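Inspection log for the structure reproduced underneath, given as structure tokens.
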Amino acid sequence: MAAAENELLLPRLPELFETSKQLLDEVELATEPTGSRIIQDKVVKGLDLLKKAAEMLSQLDLFSRNEDLEEIASTDLKYLMVPAFQGAFALKQVNLSKRLEHLQWARERFLNYLTQCQYYHVAEFELPKTKTNSAENNTANSSMAYPSLVAMASQRQAKIERYKQKKEVEHRLSALKSAVENGQADDERVREYYLLHLRRWIGISLEEIESIDQEIMILREKDSSKEASTSHSSRQDKPPMKPFVLTRNMAQAKVFGAGYPSLASMTVNDWYNQHRKLGALPDQGIAKTASGAALKKKNTDEMRNSHSHKETKEKEG
């Protein structure tokens, strides 16, 4: 009995979907900044409602790979858009520290939606690559620094076609909206209305994935440049290494020891000026030595003469 009461209190799938869709419209059309408290509360609430809706869809097994698009009830077609709504809400989150994580999760949601639409042949389009951020694709992107003009023209033409289809879809939706929401449209128009919504979100998902891939690339390049600058600054903070000399044996080590004790520490001119001031140059030393020897010889001769003169006087006396 209690379990049955709890099931009645739980919101039904249509309520979860319509409430989350209304919140997404309010966030998209809001004039307040995306980072404002009002908008972020709606984003959190929308993601929570869609999570419950996705769990309910999984339990009900509403969409089977064993059936075609024509076998899905017209009123159930709108639930295929749940992953796309999740990706749209995820992009509105403003936590910069988790931006890369939010981008990757949103991309998975958009890709999941596109995969379902392609399986049921809702429209003709090409799925984006599932590994755009792998090492192999990074290498391929770096090698293609200059994309071919043919590829650029093809991408431009595809965007133009998507833009035209988007305008046609929006015009047709506006014509059917009032009749479907008021319950005045028959099943054929209801089905067309939701199929148009599915095609509209195919175009939105393709555009969002392109933007996500570009932003992810910018964020990763930014992180790699930060790591490079951090490692460079850490190398600059290290003290400079002292010079040293590599030697082959102990004898060389004694001669060319650390600090280069046996190498010249001044120029020839510096050495000459220093010894000239001290009067210790080779030519000055030779001159002083020669004059000293002459003086010594003179003194010796005088002593000999004096001694001879004294001996002569003693003999005469």
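In segment 156-189, how many are in contact with a helix residue (DSSP H, G or I) (Cβ under 9 Å, 6 or more places away or on another chain) and of a type in the set (S, T, N, Q)?
The total comes to 2.
Do the conditions hold for GLU126, that is, is it of a type in the set (D, E, K, R) and within 18 Å of the chain's Cα centre (by Cα)?
Considered against the rule, which asks whether it is of a type in the set (D, E, K, R) and within 18 Å of the chain's Cα centre (by Cα), GLU126 comes out as no.
With respect to SER211, is the statement that it is open to solvent by less than 70 Å² (accessible area, probe 1.4 Å) and free of Cβ contacts under 8 Å to residues at least 40 places away in the same chain true?
Against the criterion (open to solvent by less than 70 Å² (accessible area, probe 1.4 Å) and free of Cβ contacts under 8 Å to residues at least 40 places away in the same chain), SER211 qualifies.
Tell me which residues, restricted to segment 63-77, are under 16 Å from GLU15 (Cα atoms), touching a helix residue (DSSP H, G or I) at 6+ places or on another chain (Cβ under 8 Å) and open to solvent by 20 Å² or more (accessible area, probe 1.4 Å).
THR75
The rows are residues; the columns are (1) of a type in the set (A, V, I, L, M, F, W, C); (2) in contact with a Cys (Cβ under 7 Å, 6 or more places away or on another chain); (3) not in a helix (DSSP H, G or I).
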site: SER20; (1), (2), (3): no, no, no
site: LYS51; (1), (2), (3): no, no, no
site: GLU55; (1), (2), (3): no, no, no
site: GLU67; (1), (2), (3): no, no, yes
site: ASP76; (1), (2), (3): no, no, no
site: VAL82; (1), (2), (3): yes, no, no
site: GLN86; (1), (2), (3): no, no, no
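Residues of segment 174-196 being open to solvent by less than 70 Å² (accessible area, probe 1.4 Å), closer than 17 Å to ASP76 by Cα and assigned to a helix (DSSP H, G or I), which ones?
VAL180, VAL190, ARG191, GLU192, TYR193, TYR194, LEU195, LEU196
Here's the yes/no breakdown for (1) surrounded by 10 or more Cβ atoms within 10 Å (Cβ to Cβ); (2) at pLDDT below 55; (3) not in a helix (DSSP H, G or I):
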site	(1), (2), (3)
THR132	yes, yes, yes
ASN137	yes, yes, no
ALA140	yes, yes, no
GLN157	yes, no, no
GLN165	yes, no, no
ARG172	yes, no, no
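Picking from VAL44, VAL94, which residue would you name as being in contact with a helix residue (DSSP H, G or I) (Cβ under 9 Å, 6 or more places away or on another chain), within 30 Å of ASP223 (Cα to Cα) and either in a helix (DSSP H, G or I) or free of Cβ contacts under 8 Å to residues at least 12 places away in the same chain (or both)?
Exactly one of VAL44, VAL94 is in contact with a helix residue (DSSP H, G or I) (Cβ under 9 Å, 6 or more places away or on another chain), within 30 Å of ASP223 (Cα to Cα) and either in a helix (DSSP H, G or I) or free of Cβ contacts under 8 Å to residues at least 12 places away in the same chain (or both), namely VAL44.
Just wondering, is there one or more residues in segment 194-201 that are under 31 Å from the mean Cα position of the chain (by Cα) and closer than 30 Å to LYS129 by Cβ?
Of all residues in segment 194-201, those under 31 Å from the mean Cα position of the chain (by Cα) come to 201.
Next, from what is left, pick out any that are closer than 30 Å to LYS129 by Cβ: 201.
For segment 194-201, residues under 31 Å from the mean Cα position of the chain (by Cα) and closer than 30 Å to LYS129 by Cβ: present.
Would segment 31-49 turn up any residue that is open to solvent by less than 70 Å² (accessible area, probe 1.4 Å) and under 24 Å from GLU192 (Cβ atoms)?
no
Give the residue that is modelled with the lowest pLDDT, with candidates limited to residues of segment 78-130 that are among the hydroxyl-bearing types (Ser, Thr, Tyr), closer than 20 Å to GLU215 by Cβ and surrounded by fewer than 17 Cβ atoms within 10 Å (Cβ to Cβ).
Ranking the qualifying residues of segment 78-130, first place goes to THR130.
The values are calculated or read from the model by the stated rules, or taken from the named source; none is laboratory data. This is a predicted model, so every value here is computed, not measured. Because the Cβ atoms are built from the backbone with ideal geometry, glycine has one as well, and the counts that use them run over all protein chains shown. Note: areas computed on protein heavy atoms with side chains; ligands, DNA, RNA excluded. Shrake-Rupley method; radii C 1.70, N 1.55, O 1.52, S 1.80 Å.
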